[in-house]
Ligand SMILES: Cc1cc2nc3c(=O)[nH]c(=O)nc-3n(C[C@H](O)[C@H](O)[C@H](O)COP(=O)(O)O)c2cc1C
C-alpha cells in the first residue's frame, strides 16, 4: 500500500499568517524537522517521463534583500487563490537561492515570454552563473518587495512569503501577492518533452 506520511516533531505546523518563514528555516536547522516517511510505488524515471508530457509555463523566480539576490528558472508555480491573491512554487531545499529567498522573506515570479528563452537557461544554471551573476543578463527593475522584476516578462507576481512547507526534497513556498504587472503581449514560453516551445 502506498503511503506518504509527514510527521512533525515538536511545535505544531504553523498556520498563522504572521508567522515568519525565516524562523521556520532556523527550526529546521535546529533539528526540529519533518521526518518524511515515503514509500515510492512509481519509478522516478517513469514519473519524470510522465511529467515531461505535461506542458508548463516557464518562470524565473527571484529574490533580494538582506541575504542578497538570487533567482531560479521554475515550472512548479501555481495560483492558489484570488481573494486574497496567493501563489505557491516549489524549490529544491539545497538550493543556495532557496536559503536567500527564505531569509529575505520575499520572492517575485516572472512569467517568461518566448524571446527570453536564453534567460531561462541562465537561471537554470546551464551557463554556470550563480546567484547575483545571473542578473548580468536581461533588464531588471523592482516593484514592492525589492525582488528583481524582469522588464520583458509577460506577467509579474511580486510576493511576500507567508509560509514555507518542507516536502521531501523541496520546499513549498507560499506567497501573498503584493503587486502585479504585465509586459507587452507576445508569445509564451512553455516547457514540454524536455524542450522549450512557443505558444
Ligand atoms: C524548465 C525548467 C524548470 C525548472 N523548474 C524548477 C522548479 O520548479 N523548482 C526548482 O527548484 N528547480 C527547477 N529547475 C531547476 C533550477 O532552475 C536549477 O536547478 C537552478 O539552477 C537552481 O539554482 P541554484 O543554483 O540557485 O540552486 C528547473 C529547470 C528547468 C530547466
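Looking at the structure I just gave you, is residue 161 in contact (Cβ under 8 Å) with a residue 60 or more places away in the chain, assigned to a strand (DSSP E or B) and out of contact with any helix residue (DSSP H, G or I) (no Cβ under 6 Å at 6 or more places or on another chain)?
no
Looking for something over 25 Å from residue 197 (Cβ atoms) and within 12 Å of the ligand (Cβ to nearest atom) - is there at least one such residue anywhere in the range 121-130?
Checked the range 121-130: at least one residue is over 25 Å from residue 197 (Cβ atoms) and within 12 Å of the ligand (Cβ to nearest atom).
Just to check your reading of the model, which residue among 114, 147 is within 25 Å of residue 195 (Cβ to Cβ) and more than 12 Å from the chain's Cα centre (by Cα)?
Exactly one of 114, 147 is within 25 Å of residue 195 (Cβ to Cβ) and more than 12 Å from the chain's Cα centre (by Cα), namely 114.
Residue 120: in a helix (DSSP H, G or I), within 30 Å of residue 48 (Cα to Cα), in contact with a strand residue (DSSP E or B) (Cβ under 9 Å, 6 or more places away or on another chain) and at pLDDT 95 or above, yes or no?
Yes, satisfied.
If you check residue 46 against the conditions, is it farther than 25 Å from residue 111 by Cα and at pLDDT 95 or above?
Answer is yes for this residue.
Do you know which of the residues in the range 54-72 that are within 14 Å of the ligand (Cβ to nearest atom) and surrounded by fewer than 20 Cβ atoms within 10 Å (Cβ to Cβ) is nearest to residue 147 (Cα to Cα)?
Applying the filter and picking the extreme gives 68.
Go through the range 147-199 residue by residue and tally those that are at pLDDT below 95 and on the phi > 0 side of the Ramachandran plot.
Total satisfying the criteria: 1.
Mind listing just one residue for me: the one in the range 108-119 that is buried (at least 20 other Cβ atoms within 10 Å of the Cβ) and within 12 Å of the ligand (Cβ to nearest atom) and, of those, nearest to residue 78 (Cα to Cα)?
My answer is 109.
May I ask you to say which residue of 161, 172 is crowded, with 20+ Cβ neighbours inside 10 Å and under 22 Å from residue 94 (Cα atoms)?
Answer to the check: 161.
Under the condition of being more than 9 Å from the ligand (Cβ to nearest atom) and closer than 22 Å to residue 48 by Cβ, which residue from the range 75-92 is farthest from the chain's Cα centre (by Cα)?
So, considering only residues that are more than 9 Å from the ligand (Cβ to nearest atom) and closer than 22 Å to residue 48 by Cβ, the one farthest from the chain's Cα centre (by Cα) is 78.
The values are calculated or read from the model by the stated rules, or taken from the named source; none is laboratory data. Every value quoted in this text rests on a predicted model; they were computed, and no experiment measured them. Methodologically, a virtual Cβ is constructed for each residue, glycine included, from the backbone with ideal geometry; neighbour enumeration extends over all protein chains shown.
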